[in-house]
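Here the structure is laid out as structure tokens; the discussion comes afterwards.
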Amino acid sequence: MSRPRTTKVRDVVKELMQPLATRTPHPSRRPPAVDRIGAHTVKSLLSRFGSPLCVFDEDRLRLAYRNMLGAFRALWPKTRIAWSVKTNWLSSIAAVLRSEGALGEVVSGFEYGICRDLGIPGKDIIFNGPWKSDAELKQAFREEAWVNIDSHDELERVLKLANGLKKPAKIGLRVNVKLNYPPWDKFGFRVDESVTFEAARRITGHKKLILAGLHLHVGTYVPDVSIYRQGMEALVGLALRLEAELGCTIESLDMGGGYATRNTLRGVMLPGAATAPAYEDYALAVTAPLLAHEKRFKRPPTLTLEPGRGLIDEAAKFISTVLAVKRPEGSQQTAILDVGVHILPTAYWYEHEVSPVRDDGRPLGHWRLAGNLCMQIDVIREEVVLPELEPGDRLVIHDVGAYNFSQSMQFIQLRPNYVMIRGKEAHIIRRAEVPADARGPEMLPRHLVSEESRTSALLRPAD
Ligand SMILES: Cc1ncc(COP(=O)(O)O)c(C=O)c1O
């Protein structure tokens, strides 16, 4: 009776010992074809905007915002969301979220300017980050933006600058808590150190500053909701102590971002879709300490959230074209795509889901997907099961909205079109780059200008 079973196991082991190149994936691993994004066919988007193409879905972004806010407000009605601009600084994304009511969360003067250009008033901007210049701080105070102080050195500058303020400014203190490994401790003040309390005392002792908030960002892509609960417990503990001992009123407790998405981290066994908590799970964890101590606050504080990837990741896809196929004998077959890591840097840490655009029943295989850059590490997926690929085939790469545009670079290739769909409409929100976009700021020192150089607008001599 046991013979057939033994044979089967032996067959499976034999199969597993084969190099990937010669293995046949089980038919159940055939990925469904994706030939539409929202109301648009992939074909129509490509014929209008070319390949590669990054497609943002406005309706999905709005839905994500509403779902997240709804999940938190169901438990803590005084919740507000500030969009983490660095996650994707395209103005159209910030404009969509602003129209839903989001504040802007910025970490540089550059990002502050993006919000102001969209008409977001200072009072709806939260200014975080380890470095803010004096000029940026002055502008933020003048425009009543909310500044979270990151370090003792920054505090010293703020205490001096504040002397010149016409009216007192509300500010927050960023803190860090040792919760995860490696600890997210580059930013802010250690929550439990006496010097942190001293910093708070110096703020409350300044007649032009009002200590009105605490800020904590526990990390990025954090699927363990207990970290959020512990983080909020620490914030609540410090806030209550500050209210009791320094007489201040903590109006906002800011839990930052880090909410995981269904993307799968490289090297992690379970898919992100199975491990990413729902907004409701995060809401339960974050609000539990608030609800437990609600009555002890002078006034229940506003809960501020700063999601980045948790809002935008799943609202964007890349459409890509297979440029070439390589089948070296005995080793992994590879398809070269027109999407490289210069526009998809998250391929370094995510195993992005990839779908064929059509499936006419070709045999399945294990594929390595590489980008079009002349660089060995330009790999989008080390191994993915797809139907047989040929040059000209189209693929959809999912959940690419966070950090890809803002961390993209002009390395070897320029950036393509970025579009936003809204129902049946499709709008370019960033046109494909031309060489002048990349080379415009360059200058050629006079001694390098030769007879042959074309010192055109693109290569003008430096005076
Ligand atoms: C202060 C702050 N808020 C919000 C975010 C957004 O993080 P995420 O995109 O992981 O939600 C970050 C990113 O690291 C951050 O540093």
query = How about the range 193-238: which of its residues are among the aromatic types (Phe, Trp, Tyr) and surrounded by fewer than 19 Cβ atoms within 10 Å (Cβ to Cβ)?
reply = Phe197
request  = Considering (1) open to solvent by less than 50 Å² (accessible area, probe 1.4 Å); (2) on the phi < 0 side of the Ramachandran plot; (3) within 16 Å of the ligand (Cβ to nearest atom); (4) not hydroxyl-bearing (Ser, Thr, Tyr), say which one Leu137 fails and leave the rest.
outcome  = (3)
key: Residues satisfying the stated conditions in the range 142-161, i.e. touching a Pro at 6+ places or on another chain (Cβ under 8 Å) and either of a type in the set (A, V, I, L, M) or at positive phi (or both)   = Glu144
query = Does at least one position in the range 298-314 carry a residue that is among the β-branched types (Val, Ile, Thr) and open to solvent by less than 10 Å² (accessible area, probe 1.4 Å)?
reply = yes
inquiry  = I need every pair where a residue in the range 115-132 that is farther than 23 Å from Phe187 by Cβ has its Cβ under 6 Å from the Cβ of a residue that is within 13 Å of the ligand (Cβ to nearest atom) and open to solvent by 50 Å² or more (accessible area, probe 1.4 Å), sequence separation at least 6 or different chains.
reply    = none
Qualifying residues in the range 28-70 (those that are more than 30 Å from Glu306 (Cα to Cα) and among the charged types (D, E, K, R)) - the one surrounded by the fewest Cβ atoms within 10 Å (Cβ to Cβ) = Arg29
ask   = Say we look at the range 439-459 and pick out the residues that are at pLDDT below 75 and closer than 24 Å to Arg415 by Cα; which of these is nearest to the chain's Cα centre (by Cα)?
value = Leu458
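This table checks each residue for (1) within 25 Å of the chain's Cα centre (by Cα); (2) over 22 Å from Ala432 (Cβ atoms).
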site	(1), (2)
Ser320	yes, no
Pro328	no, yes
Ile336	no, no
Trp349	yes, yes
Asn372	yes, no
Leu389	no, yes
Met409	yes, no
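The rows are residues; the columns are (1) farther than 22 Å from Leu344 by Cβ; (2) in contact (Cβ under 8 Å) with a residue 40 or more places away in the chain.
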| residue | (1), (2) |
| --- | --- |
| Pro32 | no, yes |
| Arg36 | no, no |
| Val42 | no, yes |
| Ser51 | no, yes |
| Met68 | yes, yes |
| Ala74 | yes, yes |
| Arg80 | yes, yes |
| Glu100 | yes, no |
| Phe110 | yes, no |
ask   = Mind checking which residues of the range 200-227 are farther than 18 Å from Lys186 by Cα, within 22 Å of the chain's Cα centre (by Cα) and within 16 Å of the ligand (Cβ to nearest atom)?
value = Pro223, Asp224, Val225
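The values are calculated or read from the model by the stated rules, or taken from the named source; none is laboratory data. The structure presented is a predicted model; accordingly, all values stated were derived computationally and were not measured. Every residue, glycine among them, receives a Cβ derived from its backbone with ideal geometry; neighbour counts consider all protein chains shown. Each accessible area value is taken on the protein alone, full model and side chains, heavy atoms only, with ligands, DNA and RNA left out. Shrake-Rupley method; radii C 1.70, N 1.55, O 1.52, S 1.80 Å.
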